[in-house]
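Report on the structure given below.
The values are calculated or read from the model by the stated rules, or taken from the named source; none is laboratory data. Since the model is a prediction, treat every value here as computed from it, not as a measurement. Backbone-built Cβ (ideal geometry, glycine too); neighbour counts: all protein chains shown. To get the accessible areas, we keep the full protein, side chains included, count just its heavy atoms, and leave off ligands, DNA and RNA. Shrake-Rupley method; radii C 1.70, N 1.55, O 1.52, S 1.80 Å.
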Amino acid sequence: MDPISLRLPHTVQRPQELTSYGPTTRTTQPIVTGTSVVAFKYKDGIMMAADCLGSYGSLARFRNEKRLTQVGENTLLGVSGDISDYQFLQHKLEDMITHEYDMDDGQTLGTKSVYKYLSNIMYGRRNKFDPLWNAYVVGGIDNGEKVLGFVDMYATTYSSDTIATGFGSHLAVPILRRRVEGRSDQITEEEAVEILDECMRVLYYRDCRTFNKLRRAKVTAQGVEISEPYSLETNWAFAEDIVGYGA
């Protein structure tokens, strides 16, 4: 008669039985990252910009990253931080959009719903001590209302007429406050493009993780439009007056 072996709940498993599962891991720091996103409200909707660089530490490694994404019909998403975490969240959003499409109930995801969904995901991951290392800017038109909100890895959320992430929160926000706040309903598309380019030019001068290849996007009642990559005209003549430059 063959012997009977029992496996009690507290039985210690041999190491080879655990190799297929591996240890529990957490992301302790971002690896490939994107820097600032700049966004604000203007007369016709929301304007947003980000560069195309994915930095591997201090190396300008990936130079054609798309950090502005359309979600649904009238929502635009911009991201700073870890690119792999952003790709994970893109899959989650695609699953949600597919589910809504399959429901076939005539309803579409609004910007406020996407913003709430993102906030809940970031809050849940934070509470598991396994955060997504990102800061997101969500902009769009929801039932005729312009919506612009921010959520970061700690699930901190707020809405404003002007938002910038990364170094943009230090360097671009003063420009946005001076040129946008209090008059967002008066800003034309041409002026909005000029303001965005001014912010991105300052960031290119001052932020060493910024790249002079960027995309600009807008959300209006007609939908989302994301530009092809383009570069800004720059002038580095002022650098000759900086002590130690070129030495």
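Residues are listed down the side, and each one gets a yes or a no for (1) open to solvent by 30 Å² or more (accessible area, probe 1.4 Å); (2) of a type in the set (Gly, Ala, Ser):
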site	(1), (2)
168	no, yes
173	no, no
178	yes, no
203	no, no
229	yes, no
Which pairs do you get when a residue that is farther than 9 Å from residue 162 by Cβ and in a helix (DSSP H, G or I), found in segment 173-184, comes within reach of a residue that is of a type in the set (Phe, Trp, Tyr) and open to solvent by 20 Å² or more (accessible area, probe 1.4 Å), reach meaning Cβ atoms under 9 angstrom, with the pair 6+ apart or on two chains? none
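Take residue 155 and decide whether it is buried (at least 19 other Cβ atoms within 10 Å of the Cβ) and at pLDDT 95 or above. Lay out the reasoning, then the answer.
Working: buried (at least 19 other Cβ atoms within 10 Å of the Cβ): no; at pLDDT 95 or above: yes.
No, not satisfied.
Among the residues of segment 116-141, write down those that are more than 28 Å from residue 25 (Cα to Cα) and open to solvent by 20 Å² or more (accessible area, probe 1.4 Å). Write out each step before concluding.
Of segment 116-141, the ones more than 28 Å from residue 25 (Cα to Cα) are 138-141.
Answer for segment 116-141, where residues must be more than 28 Å from residue 25 (Cα to Cα) and open to solvent by 20 Å² or more (accessible area, probe 1.4 Å): just 141.
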Of the residues in segment 49-70, those that are open to solvent by less than 10 Å² (accessible area, probe 1.4 Å), touching a residue at least 60 places away in the same chain (Cβ under 8 Å) and in a strand (DSSP E or B) number 5
Examine segment 210-221 for a residue that is within 20 Å of residue 34 (Cβ to Cβ), free of Cβ contacts under 8 Å to residues at least 24 places away in the same chain and either assigned to a loop (DSSP other than H, G, I, E, B) or within 17 Å of the chain's Cα centre (by Cα) (or both), and state whether such a residue exists. no
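Could you grab me the full set of residues in segment 33-48 that are in a strand (DSSP E or B) and open to solvent by 30 Å² or more (accessible area, probe 1.4 Å)? Full working, then the answer.
Keep residues of segment 33-48 that are in a strand (DSSP E or B), which gives 33-34, 37-42, 45-48.
Answer for segment 33-48, where residues must be in a strand (DSSP E or B) and open to solvent by 30 Å² or more (accessible area, probe 1.4 Å): 33, 41.
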Restricted to segment 212-223, and to residues that are in contact with a strand residue (DSSP E or B) (Cβ under 6 Å, 6 or more places away or on another chain) and either crowded, with 23+ Cβ neighbours inside 10 Å or among the small types (Gly, Ala, Ser) (or both), which residue is nearest to residue 75 (Cα to Cα)? 219
Kindly list the number of the only condition in (1) in contact with a Ser or Thr (Cβ under 9 Å, 6 or more places away or on another chain); (2) open to solvent by 50 Å² or more (accessible area, probe 1.4 Å); (3) over 18 Å from residue 52 (Cα atoms) that fails for residue 242. (1)
Taking the condition among the aliphatic types (A, V, I, L, M), surrounded by 15 or more Cβ atoms within 10 Å (Cβ to Cβ) and either without any contact (Cβ under 8 Å) to a residue 40 or more places away in the chain or assigned to a strand (DSSP E or B) (or both), does residue 195 pass? no
List the pairs whose first member sits in segment 132-159 and is of a type in the set (S, T, N, Q), whose second member is not in a strand (DSSP E or B), and whose Cβ atoms are under 7 Å apart, counting only residues at least 6 apart or on separate chains? 134/85; 134/86; 134/153; 143/110; 157/119
Report every pair of residues separated by at least 6 positions or lying on different chains whose Cβ atoms are under 6 Å apart, first residue within segment 77-101 and closer than 23 Å to residue 164 by Cβ, second assigned to a helix (DSSP H, G or I). 79/86
